[in-house]
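Have a look at the structure below before the remarks.
What follows is calculated from the coordinates using simple rules that are stated; it is not laboratory data. Keep in mind it's a predicted model, so treat the numbers as computed, not measured. All Cβ positions, even for glycine, are placed from backbone atoms using ideal geometry, and neighbour counts span all protein chains on display.
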Amino acid sequence: MGLVSQVFDEDNLGDLQGHIAIGHTRYSTTGGSDPCNAQPVLVQDAHTGDTIALAHNGNITNASTLREDLLAQGIKLQGTADTELVAHLLAQAPGQSWEERFKYLMRRLRGAYSLVIMTKDTLFALRDPMGVRPLSIGRLGSGWVAASETCALQHLHATEEQREVEPGEIIQIDATGMRSFRAAPRNIRQAGCTLEYVYFSRPDSHLRGELLYRARERMGQHLAQEHPADADVVIGVPDSALPAAIGYAQEAGLPYREGLVKNRYVGRTFIQPDQRIREAGVGLKFNALREVLENQRIVVIDDSIVRGTTKPRVVELLRRAGAKEVHVRIASPVITSPCFLGVDMATKTELIGANLEIEEIKQHIGADSLGYLSLDGLNKAIDAGENTLCNACFTGKYPLDVQERLPLAIAEL
């Protein structure tokens with residue numbers, strides 16, 4: 001549990017031997033943040049008796065049904081996460097080849113899943129047929145690397161033969177090299193998560209061949225067209241909103257300044273596992289530059305408002321630094337619905353946009369004005385085709401049946 005830098009050091013990394021490795025740095029959603037749910041999950045292959053290790057990004061929407069089925073088969077579960085269910089399904093899957101077993105797995109699973117899987121001699125990387133969560137692969141010398149963001153491949157210089165794993169595709173890498181096969185048809189509706197474009201992925205990553213920095217600049221440009229402000233300067237909330245702030249300033253013809261400095265020793269408040277920790281973290285997260293902000297009418301750009309925890313403190317911080325007016329602009333639509341596909345916002349009671357009108361949100365955060373990017377503006381900025389994206393957190397229209405997840409969301413209140 002904890003950050004990579006808190007868990008690993010040079011000594012224990014040096015002790016690790018082998019020619020295949022997988023790792024996992026995602027926060028918990030289904031099952032909660034608990035050591036028993038730490039990934040990769042280890043299970044025993046029913047065919048060979050060997051160990052299978054599996055790591056997962058996403059959420060399985062039919063997890064309760066799968067759990068009941070596995071328990072009925074006498075499978076002993078160690079944790080509460082949906083990832084363990086995926087691992088056991090693969091370990092028990094019928095078939096004479098990995099291709100047959102993965103086809104069985106994908107027939108059983110519903111929801112979002114990008115997976116990396118390791119056996120004693122093989123590495124697998126695969127995405128669900130909708131392609132909700134990203135996954136890319138690249139060549140590194142004589143080996144291969146898979147990662148959920150292309151920027152990780154670039155850091156390692158694994159750029160040769162770099163590409164995204166296609167929705168429904170399985171990449172298999174072993175001593176004979178890399179091969180690819182499909183376990184799902186190509187005509188399944190794709191549903192790439194728009195929050196990856198807005199917030200989650202780093203701006204130096206690529207999605208569908210597009211540099212996210214450029215897409216976020218366009219979000220800011222569309223936002224300036226839809227919600228101009230009579231102001232002196234544009235600033236962004238570090239880090240993910242900065243490209244959108246630059247785009248807004250360019251389109252509005254206003255100067256862009258860095259008015260907020262992020263404390264590099266405090267992590268993202270949105271992904272903290274507990275609301276009390278989020279609130280404590282916000283107060284330490286930013287510092288305002290008085291010399292830039294004093295007596296200025298400020299447009300402050302942020303990528304989203306999820307729970308409404310950070311924004312009131314940001315506005316208060318800007319006013320304390322002498323800002324004359326604070327106009328908040330959000331480079332995404334109003335988030336009104338919970339996500340069941342891998343984002344940690346499982347209940348409507350947590351979402352300020354589901355419970356307050358925009359004017360009420362403006363009053364809650366203490367802004368002089370508030371404007372959100374429209375859904376049409378977001379889709380135009382992403383430029384990937386609205387029918388290939390998941391906008392459910394903005395519209396409540398999910399790309400698959402999530403009825404099984406709704407009772408769980410209520411139970412987690």
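Out of Ala53, His88, Ala63, whose Cα points farthest toward the positive end of the dipole of segment 4-188 (charges: +1 Lys, Arg; -1 Asp, Glu; placed on Cβ)?
After comparing all options, I get Ala63.
How high is the relative contact order of the chain? Use alpha-carbon pairs under 8 Å, at least six apart in sequence, and give a whole percent.
12
Just to be sure I understand: with springs between alpha-carbon atoms less than 10 Å apart, which residue in Tyr265, Tyr213, Tyr398 has the highest mean-square fluctuation in the Gaussian network model of the chain?
Tyr265
Once amide H atoms are built 1.01 Å from N in the peptide plane, which residues 5 or more positions from Gly192, or in another chain, come under 5 Å H to H?
Leu389, Cys390
Quick check: pseudo-label points 7 Å beyond the Cα along Cα→Cβ at Ser369 and Ala21, how many nm apart are they?
It is 5.2 nm.
Would segment 285-394 count as rounded, prolate or oblate if I go by the C-alpha gyration tensor, calling it rounded below 1.5 in a/c and otherwise prolate when a/b exceeds b/c, oblate otherwise?
Numbers: a/c = 2.33, a/b = 1.72, b/c = 1.35.
Judged from the Cα gyration tensor, segment 285-394 comes out prolate (a/c at least 1.5, a/b above b/c).
Per-residue ellipticity at 222 nm for the chain, helices alone: DSSP H runs ≥ 4 residues times -39500 (n - 2.57), over residue total, nearest 500 deg cm²/dmol?
Result for the chain, helices only: -8500 deg cm²/dmol.
At q = 0.13, 0.20 Å⁻¹, work out log10 I(q)/I(0) for segment 33-153 with the Debye formula, treating every Cα as an identical point scatterer and leaving solvent out; two decimals please.
-0.51, -1.22
Compute a Gaussian network model of the chain, connecting alpha carbons closer than 10 Å, and tell me which residue from Gly49, Gly143, Gly168 fluctuates the most.
Gly49
Cut-off under 21 Å on the C-alpha distance; same-chain residues fewer than 8 positions from Lys285 excluded. Which lysines are left, in chain and number order?
Within the straight-line limit of under 21 Å, Lys285 reaches these lysines: Lys262, Lys311.
Counting pairs of alpha carbon atoms under 8 Å apart in space and at least six apart in sequence, what relative contact order in percent does segment 214-385 give? Intermediate results must be reported in sequence, preceding the final value.
Values: 356 pairs, mean separation 41.6, N = 172.
Value for segment 214-385: 24 percent.
Given axes a ≥ b ≥ c from the Cα gyration tensor, I'd like to know whether segment 196-272 is rounded (a/c under 1.5), prolate (a/b larger than b/c) or oblate. All intermediate terms of the calculation are to be shown ahead of the outcome.
Values: a/c = 2.25, a/b = 1.23, b/c = 1.84.
Taking the square roots of the gyration eigenvalues as a ≥ b ≥ c, segment 196-272 is oblate.
Would you please report the Å³ per residue occupied by the convex hull of the alpha carbon atoms in segment 315-376?
105
Springs between alpha-carbon atoms under 10 Å, Gaussian network over the chain: tell me which of Gln225, Gln363, Gln73 tops the mean-square fluctuations.
For the chain, modelled as a Gaussian network with Cα springs under 10 Å, the answer is Gln73.
Work out, step by step, the length gained on full extension between Thr119 and Leu289: first 0.36 nm times the residue separation, then minus their alpha carbon distance; give nm to one decimal. Can you show the working numbers first?
On the way: separation 170, 0.36 × 170 = 61.20 nm, distance 5.19 nm.
Here the answer is 56.0 nm.
Give, in nm to one decimal, the length gained when the segment between Lys262 and Arg139 is fully stretched (0.36 nm per residue of separation minus the Cα-Cα distance).
That pair, Lys262 and Arg139, stretches by 40.8 nm at full extension.
Let me know the charge dipole size of the chain about its Cα centre in debye, to the nearest 20, where only the beta-carbon of Lys, Arg (+1) and Asp, Glu (-1) is charged.
The calculation lands at about 360 debye.
Counting pairs of alpha carbon atoms under 8 Å apart in space and at least six apart in sequence, what relative contact order in percent does segment 4-188 give?
For segment 4-188, the relative contact order is 17 percent.
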